[in-house]
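Written below as structure tokens is the structure these notes are about.
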Amino acid sequence: MRLFGYTFGLMRNAAEFHFYLLRRVRAARLACAVAAMLVPAFALLWGTALLAQAQGKTNTLRIYSIDVEGGQATLMVSPTGASMLVDTGWPENNGRDADRIVAAMKDAGVTKLDKVLITHFHVDHVGGVPNLVQRVKVGEFLDHGVNREDSDITRHDYAAYIKAIGSTPRRTVHPGDTIDIPGLSVIVLAADGEHIAAVPGVKPEPNPWCGSEPKWELDQTENPRSAGILVRYGKFRFLDMGDLTKAKEIPLVCPDNLIGHVDLYLVNHHGFNLSNTRAFVDAIHPRVAIMNNGAHKAGSPEAWQTVHESPGLEDLWMLHTAEDSDAAHNSPDALIANLKGGSDGAYLKVVAHANGSFSVMSSRTKMTKEYAAK
Ligand SMILES: [Zn+2]
């Protein structure tokens, strides 16, 4: 009204005021007509967005690092609502780990798993399969092939896996294979002790940290056989190499770094110091790392320090306080999903955008930290 009064004060005669009013009326009619067209369009868009949300579709990649007490269970849900779980945690405990996976799926709005990748056949990764398949339909299991470890416990866990998956399709993955998740690019970097020669879209660069790296002995377990993947969504990159150990980390980054930089690094082998060479961690140059340690498993001071000191690292999140470590080798409480003496089962949820920006949320504190696109 103040603007109208001011305008009116400037009118030089009645005719001018008459035309002024006519213009106002026409403008108002035009605005009504435009609104009449736009309202149904907005309603349609809003309805489509709600439907997409109900079907698990978003314009984001969501990654849940689920607390399976020192094992791995990492749920990814693509922008189209397609899902992949990497590893299934432990067996028994009344299906505790499968229940935690189902809880993360519920948060993500998915009711089945399109793919389940088993990185290797250790019990903290494959052990949860029998409980999981009782609760959730799985489209396809992927793994590195047969068990290679000469131990009764791993033979037993491998047999339990084969029995549990029954007639569900199963595929052996090899380095260089892609995993078809609509909306994402997922490529296998390593499997069964072999590694990829070059990653499409990544220019190998000489790695200055190779020279100071000792020669590491290869362990004869399933760990160095881990199937590891690089997940890309637009500019965002996530690396999950399972429990790959030092001797098999090196060929991926020395003499040339084949992986390039990543935004999010799931710390190899829960943060054991059998993994996480400086040459590997520094080369991949993560912005944010998540350590899926247990209260009394992994999260070793040496590995924590290597990741923490990595150039460009902004935050090291942890699934648990490493209770056998000291305060100097634990992250601040806000970055730890499950604190010493607190309840278990809280997860970390990453929401990534195609422009490379992402956030990490702790289900314990509900705190979300944003990481802007670079
Ligand atoms: Zn493990």
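The values are calculated or read from the model by the stated rules, or taken from the named source; none is laboratory data. Quantities reported herein were computed from a predicted structural model and do not represent experimental measurements. Neighbour counts are summed over all protein chains in view; Cβ atoms, including those assigned to glycine, are modelled from backbone coordinates with ideal geometry.
Okay, residues lined up against (1) in contact with a helix residue (DSSP H, G or I) (Cβ under 8 Å, 6 or more places away or on another chain); (2) among the basic types (Lys, Arg); (3) within 16 Å of the ligand (Cβ to nearest atom):
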| position | (1), (2), (3) |
| --- | --- |
| Cys254 | yes, no, no |
| Gly260 | yes, no, no |
| Asn292 | yes, no, yes |
| Ala298 | yes, no, yes |
| Glu309 | no, no, no |
| Glu314 | no, no, no |
Review point. Which residue pairs have Cβ atoms under 6 Å apart, sit 6 or more places apart or on different chains, and have a first residue in segment 210-221 that is closer than 14 Å to Val281 by Cβ and a second that is part of a loop (DSSP other than H, G, I, E, B) and not aromatic (Phe, Trp, Tyr)?
Key: Cys210/Cys254; Cys210/Pro255; Glu213/Thr277
Revision key, fill the gap. Residue set Val77, Val86; condition modelled with pLDDT of 95 or more, in contact with a strand residue (DSSP E or B) (Cβ under 8 Å, 6 or more places away or on another chain) and closer than 18 Å to Leu244 by Cα; output residue Val86
Practice item. Please give the helices (runs of 4 or more DSSP H) falling wholly within segment 92-162 in which 3 or more residues are in contact (Cβ under 8 Å) with a residue 24 or more places away in the chain and more than 25 Å from Val188 (Cα to Cα). Key: 96-108, 129-135
Revision key, fill the gap. Within segment 76-99, restricting to residues that are more than 16 Å from the ligand (Cβ to nearest atom) and crowded, with 24+ Cβ neighbours inside 10 Å, the one that is nearest to Ser343 (Cα to Cα) is Ala98
Point to revise | Residue in segment 237-247 that is in contact (Cβ under 8 Å) with a residue 12 or more places away in the chain, farther than 18 Å from His195 by Cα and crowded, with 19+ Cβ neighbours inside 10 Å present | key: yes
Check your understanding: Counting only residues that are closer than 13 Å to Val86 by Cβ and β-branched (Val, Ile, Thr), which one in segment 114-128 is farthest from the ligand (Cβ to nearest atom)?
Key -> Val116
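Residue by residue, here is whether (1) closer than 26 Å to Gly294 by Cα; (2) surrounded by fewer than 22 Cβ atoms within 10 Å (Cβ to Cβ); (3) within 16 Å of the ligand (Cβ to nearest atom); (4) within 22 Å of the chain's Cα centre (by Cα) holds:
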| position | (1), (2), (3), (4) |
| --- | --- |
| Pro130 | yes, yes, no, no |
| Val138 | no, yes, no, yes |
| Asp143 | yes, no, yes, yes |
| Arg155 | yes, yes, no, no |
| Lys163 | no, yes, no, no |
| Gly166 | no, yes, no, no |
| Pro175 | no, yes, no, yes |
| Ser185 | no, yes, no, yes |
| Asp192 | yes, yes, no, no |
Point to revise | Whichever residue in segment 262-290 is within 16 Å of the ligand (Cβ to nearest atom) and part of a loop (DSSP other than H, G, I, E, B) and, among such residues, is surrounded by the fewest Cβ atoms within 10 Å (Cβ to Cβ) | key: Asn273
Revision key, fill the gap. The strands (runs of 3 or more DSSP E) lying entirely within segment 318-374 that contain at least 3 residues which are in contact with a Ser or Thr (Cβ under 9 Å, 6 or more places away or on another chain), at pLDDT 95 or above and not charged (D, E, K, R) are 336-338, 348-352, 358-362
**Study point:** Subset of segment 200-238 (residues that are within 16 Å of the ligand (Cβ to nearest atom) and not in a loop (DSSP other than H, G, I, E, B))
**Key:** Asn223, Pro224, Arg225, Gly228, Ile229
